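The values are calculated or read from the model by the stated rules, or taken from the named source; none is laboratory data. This one's a predicted model, so the numbers in the text were calculated from it and none came from an experiment. Using ideal geometry, Cβ is built from the backbone for each residue, glycine included, and neighbour counts are taken over all protein chains shown. We work out accessible area using only protein heavy atoms, side chains counted, and drop any ligands, DNA or RNA first. Shrake-Rupley method; radii C 1.70, N 1.55, O 1.52, S 1.80 Å.
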Amino acid sequence: MLKVVKFGGSSVASAQQFRKVKHIIESDPSRRVVVASAAGKRTPDDHKMTDLLYLVQAHLKYGVSAEDILDTLRSRLVEIRDELGLAFRIEDEFDAWAGSLNKESNVDEIVSRGEYFTSRLLAEFLGYAFADAKDCVFFGYDGRIDEQKTYEAIGRICSEKERVVIPGFYGQMPGGRVKVLSRGGSDVTGALAAAAVGADVYENWTDVSGILMADPRIVDDPRSIRQITYAELKELTLMGASVLHEDAVDPVRRAGIALNIRNTNEPGDPGTMIVEKVVDEPDDPHFITGLAGKRNFSILTLRKRDMEDSSMLIKTLQIVDRYQVKAEHIVLGVDSFALMVSSDEAGDDLYSIIADIKNECVPDKVLIQDKVSLIAAVGRRMMARPGISGKLFAALGDNQINIRTIKQGADERSIIIGVRNEDFEQAIRVLYGEFAG
Ligand code: ASP
């Protein structure tokens, strides 16, 4: 058994958190490859190391002294080292690096040091080898990850070193320059490492006990999801649930590796297991796996008598695409169809889109409804179960929530409901209360 374990910023924010990480790692000898983020916030008003490093770069760029911020970063590292009782002189390396900085320093290299120094300390503390992400993750000239080269490098390093810590978030461009991934990118490093070594599980340790069934800002204390398929996760993510970095799923999914989201502060919680297919489906009366939703959509409905083929739909989609707006959902009717677009994404272009549709498609009528929210009820257990949509609609109706539009995914894995923006939160609470809680 081999597990790749990634710890997010809050899991390595302080010496106390480092101890929890060590405990987790020592409790399972298969946790041999560790990927770490930069130390994150210790309290809500604290700063993430990565944010401070971006600030260092901005100061340098504009010729303003960054001494104070560098001192703060240095003290944080030294404090963790001292509290853990390590002999490793992290300040020597930090000072040499800080002394080399100037106006022209590469911003990516600067911000990558959060992961670098945090991982150096973690490797010392765990007694694991340290592997610089510069030697593990490689980008091509197009700025995209060169997966083959990355997999070979990580595979080689992990076979040479039995137990290893790799900093997340960065790698190297051809020619050696450091490049970072987008924010939250350590999730991606972890996924690449898991795929490279053919891990049995990729554990992503964070500060919540897995993916929640609904947004906790809307539903009080929602339950966390025990098991979810990759396909369900994708539906929830598309509808706004923020779980992992979006590029972190593909490498592990393709390699057939399960992803387990766990809580460093509650290591006894099983968290959420994300798998291709749920095999041991426990008997569960709840047919919803999770709920997610987004506000502010506009629904464009086109009507034309005797709409014989799909040419009008195709033309309309081309017009929307011309304005780089995505048709998020399409509902087909008899002699009519409706497109849902994000009102924020379309902005004022919506009026030009409508004008073009009127000119080029000559429909009998174009209707626009805006201020619509979409809610997705996602669940593999909805497949081939009769009466589900009726139950959902009845629950909303009983609560005086008017449904503006309905769409069921072709594979019956999701039902998407459009409601007025002002009913959005209430609709989620009703659906959660009736079918998920
Ligand atoms: N430290 C980086 C960030 O704050 C990357 C990560 O945490 O995954 O975005």
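Pairs are defined by a Cβ separation below 6 Å, a sequence spacing of at least 6 or placement on different chains, a first member in segment 1-14 that is away from the ligand (no atom under 11 Å from the Cβ) and open to solvent by less than 10 Å² (accessible area, probe 1.4 Å), and a second member that is assigned to a strand (DSSP E or B) and modelled with pLDDT of 95 or more; the pairs so defined are Val4/Val33; Val4/Tyr202; Val5/Arg31; Val5/Val34; Val5/Glu203.
Among residues of segment 404-423 being assigned to a strand (DSSP E or B) and at pLDDT below 90, the one that is surrounded by the fewest Cβ atoms within 10 Å (Cβ to Cβ) is Ile406. When Gly293, Gly256 are checked against the criterion of being at positive phi and not in a helix (DSSP H, G or I), a single residue qualifies: Gly256.
Scan (1) closer than 23 Å to Ile24 by Cβ; (2) of a type in the set (S, T, N, Q); (3) out of contact with any Lys or Arg (no Cβ under 7 Å at 6 or more places or on another chain) for the single condition Ser311 breaks and write down its number. Exception for Ser311: condition (1). The condition (being touching an Asp or Glu at 6+ places or on another chain (Cβ under 9 Å) and either open to solvent by less than 30 Å² (accessible area, probe 1.4 Å) or basic (Lys, Arg) (or both)) is satisfied by just one residue among Leu86, Leu73, Leu77, Leu121: Leu77. Considering (1) farther than 20 Å from Leu121 by Cα; (2) within 16 Å of the ligand (Cβ to nearest atom); (3) assigned to a helix (DSSP H, G or I), the lone condition that His59 does not fulfil carries the number (2). Scanning segment 193-246 for residues that are more than 16 Å from the ligand (Cβ to nearest atom) and small (Gly, Ala, Ser) gives Ala195, Ala196, Gly198, Ala199, Ser209, Gly210, Ala214, Ser224, Ala231, Gly240, Ala241.
Regarding segment 30-52, can at least one residue be identified that is of a type in the set (A, V, I, L, M, F, W, C), part of a loop (DSSP other than H, G, I, E, B) and either closer than 19 Å to Pro167 by Cα or away from the ligand (no atom under 16 Å from the Cβ) (or both)? Yes, segment 30-52 contains a residue that is of a type in the set (A, V, I, L, M, F, W, C), part of a loop (DSSP other than H, G, I, E, B) and either closer than 19 Å to Pro167 by Cα or away from the ligand (no atom under 16 Å from the Cβ) (or both).
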